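Below is one structure; the comments refer to it alone.
The values are calculated or read from the model by the stated rules, or taken from the named source; none is laboratory data. Given the structure is predicted, the values throughout are model-derived calculations rather than measurements. Heads up, the Cβs are rebuilt from the backbone with ideal geometry, glycines too, and the neighbour counts pull from every protein chain shown. To get the accessible areas, we keep the full protein, side chains included, count just its heavy atoms, and leave off ligands, DNA and RNA. Shrake-Rupley method; radii C 1.70, N 1.55, O 1.52, S 1.80 Å.
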Amino acid sequence: MSSLTNIKDAAITLFSQKGYEATTLNEIATKVGIKKPSLYIYFSSKQELFLTIFEELLEEYKMRMEQIIEEVDSAIEEEKLFILFEKYVFAFADEPVKSLFWNRVFLFPPLDLKEEILGKISKVESTFIEKESTLIKDLIVQNIIRDISDESALIAFRSLREGLLMTYLINPHLERNKIKEIWKTYWHGLKKGE
């Protein structure tokens, strides 16, 4: 593994555990086993290091969501929403350090970077929100789910998804098949009655 990779790995771990403000370049260097001045070969500041990691993770998220959307597109109608739900939850549950990083970014973004970061997230996320919304609208039109507000259905879907993800992050030993049980309860409430 290269020094650059080691630096980014150490930084993401510390940013995830302690937050941006509480993490120092000295701590990152110590974790990597180098002297602080060596960091400046790669990054001019802690801010540049943070933004590099953020941009890489945002691109990784975008690519992963595009893969999930491709899988959803090829599925049968009644399974599309579940696939989107399950794949998203496990993509993040399987990467707890990255998930913690994202939680910190959303809840406690660096103050001087807040607008820039949230703007970039919003731009990427808007594409996926639109795709999720379209999927829900299509399921309503096809009489697969109840004729409810697609906005309310989307908020409920995303809220349940994020809540379940948090449950898996807090309790990583939770059985994976629990997601199917939880989905059945949610789907029962959404699905149009016979």
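See the values below:
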| quantity | calculated |
| --- | --- |
| Residue check for Leu118: within 14 Å of the chain's Cα centre (by Cα), open to solvent by less than 70 Å² (accessible area, probe 1.4 Å) and under 27 Å from Leu51 (Cβ atoms) | yes |
| Test for Phe101: is it within 30 Å of Ser2 (Cα to Cα), of a type outside the set (D, E, K, R) and at pLDDT below 95 | no |
| Test result for Thr52, polar (S, T, N, Q), in contact with a Lys or Arg (Cβ under 8 Å, 6 or more places away or on another chain) and open to solvent by less than 60 Å² (accessible area, probe 1.4 Å) | yes |
| Close pairs from segment 183-194: first more than 17 Å from Ser159 (Cβ to Cβ), partner open to solvent by 60 Å² or more (accessible area, probe 1.4 Å), Cβ under 7 Å, at least 6 apart | Lys192/Asn143; Lys192/Arg146 |
| Test result for Leu111, under 14 Å from the mean Cα position of the chain (by Cα), hydrophobic (A, V, I, L, M, F, W, C), at pLDDT below 95 and exposed (fewer than 14 other Cβ atoms within 10 Å of the Cβ) | no |
| Selection from segment 1-46 of residues that are in contact with a Leu (Cβ under 7 Å, 6 or more places away or on another chain) and open to solvent by 20 Å² or more (accessible area, probe 1.4 Å) | Leu25, Glu27, Lys31, Lys36, Tyr42, Lys46 |
| Counted residues, segment 121-146 - those being among the acidic types (Asp, Glu), closer than 18 Å to Lys80 by Cβ and open to solvent by 20 Å² or more (accessible area, probe 1.4 Å) | 2 |
| Scope segment 62-83; condition open to solvent by less than 50 Å² (accessible area, probe 1.4 Å), free of Cβ contacts under 8 Å to residues at least 40 places away in the same chain and not in a loop (DSSP other than H, G, I, E, B); matching residues | Ile68, Ile83 |
| Residues within segment 84-105 that are more than 30 Å from Tyr20 (Cβ to Cβ) and open to solvent by 30 Å² or more (accessible area, probe 1.4 Å), tallied | 1 |
